[in-house]
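A short reminder: the numbers here are calculations on the coordinates, not readings from a lab. Given the structure is predicted, the values throughout are model-derived calculations rather than measurements. Here the Cβ is made from the backbone with ideal geometry for all residues, glycine too, and neighbour counts use every protein chain on show.
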Amino acid sequence: MLKRTAITLIAACASVFAGDISISLPSSENLGEKISFLKDLRENANLDATQQKNFNDLWTQANNVAAMNNRCGSILLNDIPDEACQHFYEVELPAFEAKFFELTGEFKLNAVKASNTLSDKRAMIEACAAALTPETYQVSNIMTVIGEVSPEPLDDGMAMIRYNLALAINRAKREAIEAQLSKWYEACGEGVLSQGDYSPLFVQRIKKQVSRAGNYIDIIGGKIVVVQAKQERFSYYVNDRFLFGKSILAGAKLLSIDKMGVVRFINTSGIQWKDYAIFNEEEIQKRGFNGRMLWGDRTAPLRTVRAFRSGRIFKSVTVGKQEWSAMDLGIGDWRRAVQSCPAGWHLPTDDDWKELGNFVNANSYGAPIPPMLKAARGWANPGIDLYGFSARLAKYTEYGTQAPPQKKECARYWSNTQVNNMVASYWELCDDKLRLGESDKRSTYSVRCVQDGNLSFKK
């Protein structure tokens, strides 16, 4: 039985994790910029017959791509992309972008000609600068996730997915950009260089170009460099499970072209993730194993709704290797709190809370932990709830003390860890920190539960 299951799981994964294993959902803004450029070109460009035919083909393709992106872009995180959408993101969209890079590069260089006069030289420099539009080289356009994934069956209907994944330059995008920049260098290389340095007018023109995405072109160390102007972040999900995230920091040099025309991309070596995740075997057999790389703010995963024998229903969410209740199970003293969790669940210990905090901290892109866990409503300073934890603001009382007015909004949750017969730990979630405290067991704090060790794998 276990052997057959393993084969089934491997088959479910094989189609997804071949080559570039992730679907990188693009920004509709990026695609909109490309179509806007083509629209302007259609209205204003003076193209010869061959160029006009190539452009018309690209324009038709652009409209088809826009329609598919509108349809497929509405896919929710926990949905499985249908075959048409998966083919669109993995094949059709990269093919369109490669053709876009190639043809628009040619169109923009139409004005480049032999510069025998000052006016010719000015026109050439203007055309060469215009051909290096920074929106072409957005980080979300050129990066993907590659690597290996290995499924293994476990007891109790669970499956372990080992992964060894790395950030890499998308091969198709890299080749398209290299081809475009090669044509640019052939047409512009000598013309924008003057006695070993770049023409001052050329430098002025490219320094004025900043994309709506925030990246810009500069000359650094004798190289033309595309610089990331603001932090860009992505998250990697499998089905609706967040596995890891990464930031591309402001100031990162995405790519460069030197005075010999050699193109180099940002170094992604060493950026990798090697770990495991536990999934329900039935879920994988039904849904497959779909990896997605999403740029921008992450979307909180949908909660799993669980019903227990007592008739109680509550929602849960996976954060790292833990399964947490995604709603408070009331508020009360410590003794009531330890009895509030259903079978198979327990009031979290200090170690459970620390594991939660460590995982969120490692994937928070340098931001404080609380906004990642706080609900998007009910707080004066709402959170972004990126993990679906949905921490709610709730009134709490400290036994035996007259608490001063709170200067900060905080929620307090009981821990299962006891200090002594009268005192237990709690964890406080405020605007700035998730921190440990101690209180009389007769105080009343909120209750969360965590699942008993189902997501842990003992080697």
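Observations
- By the count of other C-beta atoms within 10 Å, a proxy for reagent exposure, H346, H87 are ordered fewest to most as H87, H346.
- Computed across segment 219-279, the Kirkwood radius stands at 14.0 Å (inverse of mean 1/r, all Cα pairs).
- The protection proxy used here, the mean number of other Cβ atoms lying within 10 Å of each residue, ranks peptides 267-278, 431-442 as follows, highest first: 431-442, 267-278.
- Max-minus-min Cα coordinates of segment 171-281 on each principal axis give 65, 24, 22 Å, with the largest extent listed first.
- Most tightly packed first, judged by the mean number of other beta-carbon atoms within 10 Å of their residues, the peptides 59-70, 353-364 read 353-364, 59-70.
- Difference of contour (0.36 nm per residue) and Cα-Cα distance, E409 to N361: 15.3 nm
- Per residue, the convex hull volume that the Cα atoms of segment 304-451 enclose (Å³): 107 Å³
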